[in-house]
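The values are calculated or read from the model by the stated rules, or taken from the named source; none is laboratory data. Worth saying up front: this structure is predicted, and the values here are computed from it rather than measured. Using ideal geometry, Cβ is built from the backbone for each residue, glycine included, and neighbour counts are taken over all protein chains shown. Each accessible area value is taken on the protein alone, full model and side chains, heavy atoms only, with ligands, DNA and RNA left out. Shrake-Rupley method; radii C 1.70, N 1.55, O 1.52, S 1.80 Å.
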Amino acid sequence: MKIRAIIHEAKEGGYWAEVPSIPGCATQGDSMEELLSNIREAVEGCLAIEVSPPFPDARSKEVEIAV
């Protein structure tokens, strides 16, 4: 999966990045290397969700959707 991040230079030094497609997903780093590591971790954290297996009853249908 490829996700676009926007990298900004911080006024205090270092960098910060945001991921427009994931609201609230942002991070910072003192160096570009640290920032890239942190943004990967931030994206993984923002996308990590626990999904319980469905328990359909006799009247339920299960479908797959692509987004």
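Specify which residue in the list 19, 6, 60 is farthest towards the positive end of the charge dipole of the chain, using unit charges on the beta carbon of Lys, Arg (+1) and Asp, Glu (-1), about the Cα centre. The residue sitting farthest along the positive end of the dipole is 60. When only Cα pairs below 8 angstrom with a gap of at least 6 residues are kept, the chain shows a relative contact order of 19 percent. Ordered by solvent-accessible area of protein heavy atoms (1.4 Å probe), largest first, the residues 52, 37 come out as 52, 37. Mean residue ellipticity, 222 nm, helices only, the chain: the sum of -39500 (n - 2.57) across DSSP H runs of n ≥ 4, divided by residue count and rounded to 500, is -8000 deg cm²/dmol. Angle check, please: helix 32-47 long axis (alpha carbons) against the longest principal axis of the chain (alpha carbons), in degrees 0 to 90, nearest 10. Tilt relative to the chain: about 20 degrees.
The residues of the chain have, on average, 91 Å² of accessible surface per residue, using a 1.4 Å probe with all protein chains present. In this structure, the amide hydrogen of residue 14, modeled 1.01 Å from its nitrogen in the peptide plane, lies closer than 5 angstrom to no residue at least 5 positions away or on a different chain. Converting phi to 3J(HN,Hα) with the Karplus coefficients 6.51, -1.76 and 1.60 and the offset θ = phi - 60°, the range 14-22 yields x, 9, 9, 9, 9, 10, x, 6, 10 Hz in sequence order, with x at every glycine or proline.
Tell me, what % of the accessible area of the chain is carbon and sulfur with a 1.4 angstrom probe? On the chain, the fraction of accessible area on carbon and sulfur atoms equals 53 percent.
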